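Enquirer: First the structure, which I've put down as structure tokens, then a few questions once you've had a look.
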Amino acid sequence: MTHTGTQTIKTNRLTLRRNTVGDARAMFENWANDPAVTEFLTWQPHESVDVSRRILEGWVPNYSRDDYYHWAIVPDDVGEPVGDIAAVKHDDRTSMVHIGYALGRKWWRRGYMSEALAGVIEFFFTRTSVNRIESQHDPNNPRSGGVMKKCGMIYEGTLRRADISNRGVVDACMYSILRDEWRSS
């Protein structure tokens with residue numbers, strides 16, 4: 001699989017860019033400390049800005065790798081990160097990336113996550129050799145599935161008790177889009 005590493009993506013209302021350690025306060029205040037945001041995720045809400053800073057200090061060195069893809073979601077009218085989106089895993093043998101994301105509650109239902117995911121899908125299909133982009137959500141979080149559908153991803157099925165989140169062991173609704181499907185849309 002051909003990799004390019006995390007590059008800035010510009011959409012109509014968003015800039016998707018590399019995270020910086022200087023984003024720690026925005027990360028903490030805008031999404032990482034909120035149990036409503038992390039309910040369906042695998043990590044606990046951050047207890048302090050120091051936790052967010054340590055997380056970012058772990059992420060930032062990975063930007064030197066060509067196979068690392070992780071973006072801060074920055075709405076143009078806000079000017080600071082309000083969430084993040086990343087390829088949380090990839091498989092070079094099958095040319096697949098698995099996308100995960102989080103967005104601050106204050107910015108839910110504004111179309112930001114759909115716009116960010118669409119930008120990331122376009123990035124992978126135009127700048128890398130990725131052939132399959134997949135993501136999943138807990139059936140109790142159907143709005144996340146709505147984001148995936150809006151971006152042209154196709155529901156493949158529900159994997160029973162196949163994931164873990166802050167809710168425990170949960171089902172996982174799997175979605176994907178293939179390069180040739182994206183081209184034809």
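Where a number appears in this text, it was derived from the coordinates with a stated rule and is not lab data. Here the structure is a predicted model, which is why all the values come from computation and not from measurement. All Cβ positions, glycine included, derive from the backbone under ideal geometry; neighbour counts span all protein chains shown.
Enquirer: When DSSP beta bridges are limited to those with both residues in the chain, what percentage is antiparallel, rounded to the nearest 5?
Expert: 90 percent
Enquirer: With θ taken as phi - 60° and the coefficients 6.51, -1.76 and 1.60, list the Karplus ³J(HN,Hα) couplings across segment 179-184 in order, rounded to whole Hz; mark glycine and proline as x.
Expert: Coupling constants for segment 179-184: 3, 5, 5, 5, 4, 8 Hz.
Enquirer: Moving on. In 10 Å bins starting at 0, how do the alpha-carbon pair distances of segment 44-136 split up by percent?
Expert: Histogram of Cα-Cα distances, whole percents per bin: 14, 45, 34, 8.
Enquirer: Taking a label point 7 Å from the Cα of TRP43 along the Cα→Cβ vector, which residues of segment 1-35 have an amide N closer than 19 Å to it?
Expert: 6-7, 16-35
Enquirer: About the Cα centre of segment 1-142, how large is the charge dipole given +1 on each Lys and Arg Cβ and -1 on each Asp and Glu Cβ? Please answer in debye to the nearest 20.
Expert: Computed about the Cα centre, the dipole is about 240 debye.
Enquirer: Which one of ASN33, ASN19, ASN140 has the biggest mean-square fluctuation once the chain is modelled by GNM with Cα springs under 10 Å?
Expert: Sorting by GNM fluctuation, first place goes to ASN140.
Enquirer: Right, another one. Using 0.36 nm per residue of separation minus the Cα-Cα distance, give me the extension gain between THR20 and VAL169 in nm, one decimal.
Expert: Gain in length upon complete extension: 50.4 nm.
Enquirer: Compute the separation of the alpha-carbon centres of segment 100-118 and segment 158-176 and state it in Å as a whole number.
Expert: With segment 100-118 and segment 158-176 each reduced to a Cα centre, they are spaced 20 Å.
Enquirer: Please state, to two decimals, what the Cα-based radius of gyration of the chain comes to when divided by 2.2 N^0.38 Å (N = residues).
Expert: Compared with the compact-globule rule of thumb, the chain sits at 0.98.
Enquirer: Hand me the trypsin sites (Lys or Arg not before Pro) from segment 1-91 located in a DSSP loop with no more than 11 other Cβ atoms within 10 Å, in residue order please.
Expert: ARG65
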